[in-house]
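The values are calculated or read from the model by the stated rules, or taken from the named source; none is laboratory data. Note that the coordinates shown come from a computational prediction; the quantities given were computed from them, not determined experimentally. Note that each Cβ is placed from the backbone with ideal geometry, even for glycine, and that neighbours are counted across all protein chains shown. Note: areas computed on protein heavy atoms with side chains; ligands, DNA, RNA excluded. Shrake-Rupley method; radii C 1.70, N 1.55, O 1.52, S 1.80 Å.
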Amino acid sequence: MNAIRLWVDGQLVGPDVPSVRALDHGLTVGDGAFETCKVVDGEAFALTRHLRRLGRTLAGLGLPPVDDAWVSQGVKEVLSSGEPIGFGRVRITVTGGAGPLGSDRHDSPATVIVAATPSAAHAPSAAVVTVPWVRNERAATVGLKTTSYAENVIAVTYARSHGAEEALLANTRGELCEGTASNVFVVTDGVLRTPPLDSGCLAGITRELAIEWCREAGLEVVEEAMPFEVLSTADEVIITNSSRDVQGVHLVDDRQLAVGPVTARMVEIWRTAEADLGMDP
């Protein structure tokens, strides 16, 4: 069984112990931010970059910053509170704290939660589906990693019911945008391409590192707007996130794909760079 370890506002707590107030604004209206880091051999991967993005999300939501050192201490405590987690994830959640039942805020300290759990590594490739819902690239929360995840729950539920593990979405302009919890890359004419941030996609940490590392290794990566229909013609499709790293796609809806040479090269570059640069690149 995957035992979840929890740290809430400075205290390690059991997963069945009440530890968040019923009127916490993260619970009542989803007013909060979160980050999820991969855990390897008891250490959180790319924590500095994740904390930097957490700060951007809090600022974008109009919430005060949290002390990175304090959050890092919470990560350290959950990861050291039992046997080392060989592979898993640690999630940092920061909410607006106690609030009213509506969307207004109280002047309340944030609630900070750090949770860690072992998990199984993803397979080398995944099946994905396209869905009819879209990302709004002009939304107030565009580019922010917020706890308001109902849209993603609906899309992932749809994907699971169709034998897939991830759903890919367009934006309101009909352009390829992202997955519910992943960024997406495609290969056309032998070139690796990914939607730009102004498509409305999240600035994924794995996306960021993959682009940096691929370019440093001499693999061309183009950030450009593409029609959503590119998924029906692309030679290769890849998804990235903190637990998948770089994962090929073997099925888009009913279309079979090979995990091709560009995907293989991208995976090789990722593994080499990660091994060379360590856990906080």
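Sites listed here are trypsin sites (Lys or Arg not before Pro) in segment 104-182 whose DSSP assignment is loop and whose Cβ has at most 12 other Cβ atoms within 10 Å: ARG138. Summarised as an ellipsoid, segment 93-208 has semi-axes of 29, 19, 15 Å, derived from the eigenvalues of the Cα gyration tensor scaled by 5 and square-rooted, with the largest first. Would you please classify the overall shape of the chain from the alpha carbon gyration tensor, given that a ≥ b ≥ c denote the square roots of the eigenvalues, rounded means a/c under 1.5, and beyond that prolate means a/b larger than b/c while oblate covers the rest? Judged from the Cα gyration tensor, the chain comes out prolate (a/c at least 1.5, a/b above b/c). The equivalent ellipsoid of segment 158-281 has semi-axes of 22, 15, 15 Å, largest first, where each one is the square root of 5 times an eigenvalue of the Cα gyration tensor. For segment 1-144, the gyration tensor built on C-alpha atoms gives an oblate shape. Its axis ratio a/c (a ≥ b ≥ c) is at least 1.5, and a/b is not larger than b/c.
Estimated from the Cβ-Cβ distance and a Förster radius of 51 angstrom, the FRET efficiency linking GLN11 and GLU224 is about 0.60. For segment 38-104, the alpha carbon convex hull comes to 102 Å³ per residue, rounded to a whole number. Within segment 1-102, DSSP assigns beta bridges of which about 100% are antiparallel (rounded to the nearest 5).
Between ASP254 and ALA121, residue separation times 0.36 nm minus the direct Cα-Cα distance comes to 45.4 nm. Taking the accessible area of the chain, probe 1.4 Å, and keeping the other protein chains in place, the carbon and sulfur fraction comes to 54%. Heavy-atom accessible surface of segment 73-201, averaged per residue, reaches 45 Å², computed with a 1.4 Å probe. Note that segment 201-212 has calculated 3J(HN,Hα) couplings of 6, 6, 7, x, 5, 5, 4, 4, 5, 4, 5, 4 Hz, one per residue in order, obtained from phi through the Karplus relation 6.51 cos²θ - 1.76 cosθ + 1.60 (θ = phi - 60°); glycine and proline are x.
Shown here for segment 1-86: trypsin sites (Lys or Arg not before Pro) in loop regions (DSSP other than H, G, I, E, B) with at most 16 other Cβ atoms within 10 Å, namely ARG21.
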